[in-house]
1. Using the heavy atoms of the protein chains alone and a 1.4 angstrom probe, what is the accessible area of the chain per residue in square angstrom?
2. Please report, in cubic angstrom per residue, the volume enclosed by the convex hull of the alpha-carbon atoms of region 76-235.
3. Please quote Rg/Rh for region 287-386 to two decimal places, taking the Kirkwood radius as Rh and restricting both calculations to Cα atoms.
4. So, counting K/R as plus one and D/E as minus one, what does the shell of residues with Cβ under 14 Å around residue 152 add up to?
5. Quick one: with all protein chains in place, what share of the accessible area of region 233-332 is carbon or sulfur, to the nearest percent (1.4 Å probe)?
6. Mind ranking 346-353, 131-138 by how tightly packed they are, going by the mean number of other C-beta atoms within 10 angstrom, highest first?
7. Antiparallel DSSP bridges in the chain: what percent, to the nearest 5?
8. Before rounding to the nearest 500, sum -39500 (n - 2.57) across all DSSP H runs of length at least 4 in the chain and divide by the residue total; then give [θ] at 222 nm in deg cm²/dmol.
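The values are calculated or read from the model by the stated rules, or taken from the named source; none is laboratory data. Everything numeric here is computed off the predicted structure, so don't read it as measured data. All Cβ positions, glycine included, derive from the backbone under ideal geometry; neighbour counts span all protein chains shown. To get the accessible areas, we keep the full protein, side chains included, count just its heavy atoms, and leave off ligands, DNA and RNA. Shrake-Rupley method; radii C 1.70, N 1.55, O 1.52, S 1.80 Å.
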Amino acid sequence: MHRLLKHLIPTLAVATCYTTISLSSARAAGTNQLEVFSYWTSGSEAGALDALFQVFKQRNPNVEVVNAAIAGGSGSAAMPVLQTRLAGGNPPDTWQSHPGQELFSRYVDPGFCQDVTAIYKSENWGAVVPKALVDQLTAKGKIYSVMTGVHRLNVLWYNKKVLEKNGIKIGDKLSFAEFVAAADKLKAAGVTPLAVGDSGIWASGDILENALLAKVGPKDWAGLFNGKLSWDSPKVKAALDMYAKFLAYQNQDHSALSWDQAIKAVIDGRCAFSVMGDWSFGEFLKANQKENEDFGWVAFPETDGDFLVVGDSFVAAKNAPHGDEALAWLKAVGSKEAQLNFNKIKGSIPVRTDIDPKELSVYQQWSMADFKKAALVPSLFHGAAATPAFQQSIADAVSAFVVGKNVNAFVNAVDTAAKDNVSE
Ligand code: GAL
C-alpha cells in the first residue's frame, strides 16, 4: 500500500449565486442548473471557486451555476447543513469533500455520492494524477471524487518586515528553539508573536497537528489512528508541551477571529507569525502582498521533509437533481485549465503532473518540489486521517486544552475515544 495511505482510511449563512435564484427553484428538475455546495467564502477561496465556475461556464454556457457556499472555515458551518440535506434526500448536485476518511465515512459508505471512475477513463486522468492521490478517492476499486488541489498544512508564515524591524532573520529552516527565541524577542518588543483565529477550533487543532507531526513523525503517524501508538505515549505528551508553548504566544482575541482574520493580523503587522495551511497564501496574494518581501514561510519546526496533506475535491451526488451537469462540473474541475487557474488563486498545488511549476508562484514551486520527495502525511483536522467521530472527539479535547492546558486530561479523553475509533 502507498506510503500515504498506510493508515487512512444547520442556518444558511451565504448563498451568493452566480444567478440570483432561490435554491428551491434551482433544484427544480430538468432545468439547466448546477448547484455547487462548498464553504469557500474567504477572499481567496471565493476567487478560486469563481475561477472554477469560469472554466465550467466556458464549457457549459447554457448552465446556470448556483453558488451555495456557506461561510465558516474548514466547513465548520457547512458540513452540518450538508449532512441534514443528504439525510433528507435533498442533495446539492456537487459538494466539496476532503479525500480519505471524510469522503468514505460521510459520503461513500452511506451511498450519497456516485462512482465517477468513468470520467477518469474518458479524461485519461490516470496519466496525470498521481496514484497516491487517486487512492485517497478510491473505495473497492471505484473512484468517488475529483481533486482541485493539494494544500500543505505544516507551514509557518511570517511578516518579513516586522521580523526585520526586530532584527530577526529566518533561513530555510527554523528550529523550535529559534522560534521561541524570536517569539520572546517580539513579545519583549510589544509585538504579538503568533496570530491564531480559532473561532473554528480546527484552526488551533492545526497547531497541535503540526506539533504531533514534529514529535511523533511521519512513520508513527498511522499509529495514532489505528491504535498502534497510544495517545498516552511520551511522544504525544511532548507534542502537547510544544503546542502549549505555541499557545502562550497567541493573540488574546484568538477565539473571536476566523483563520483569514488571523492571517490579516499578520499582513497588517499586528502579529508576526501564524501556523496555518497554505490556503493562507491565497489571502496574502489577495492582499497584494509580495512573497519573500512582505511575507515569508518555513516548514513548521521539526517537520522539514514532511508534507502534511490537505486535499480538496468535489463529488457528484447520487441521484443529483442535475446529473449531467454534475459530471460536466467534475470534468471541468479536473481539467488542466481549471487546475492552473484555481490553484494560482487558492494557494494549493495542482494534482495534475502536466502543469509546469513555473506557471505558479515561488511558494507553490517550493510546495510542489517538496510534494515530490517529502513524507506525505494525511491531515487529522481536515478529514483524511481520523474517522469523523474521532476527529470530533479530538476537537472537543482541543477546546478544553486551549482553556486549561491540562495534558493528562487531554490524553485521557483522547485515549478513551481512540479505543472506540481506531481505523485500519
Ligand atoms: C480546509 C480546506 C481548504 C481551506 C480551509 C479553510 O479544510 O481544505 O481548502 O478552505 O479549510 O477554510
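1. Heavy-atom SASA per residue in the chain reads 38 Å².
2. Hull volume over Cα atoms, normalised by residue count, gives 190 Å³.
3. With Rh from the inverse mean 1/r over Cα pairs, Rg/Rh is 1.02.
4. Values: positive: 346, 372, 373; negative: 206, 209, 278, 304, 306, 312, 370.
Local net charge: -4.
5. Details: 1550 of 3360 Å².
Its accessible area is 46 percent carbon and sulfur atoms.
6. Packing proxy ranking, top to bottom: 346-353, 131-138.
7. 60 percent
8. -12500 deg cm²/dmol, from helical runs alone.
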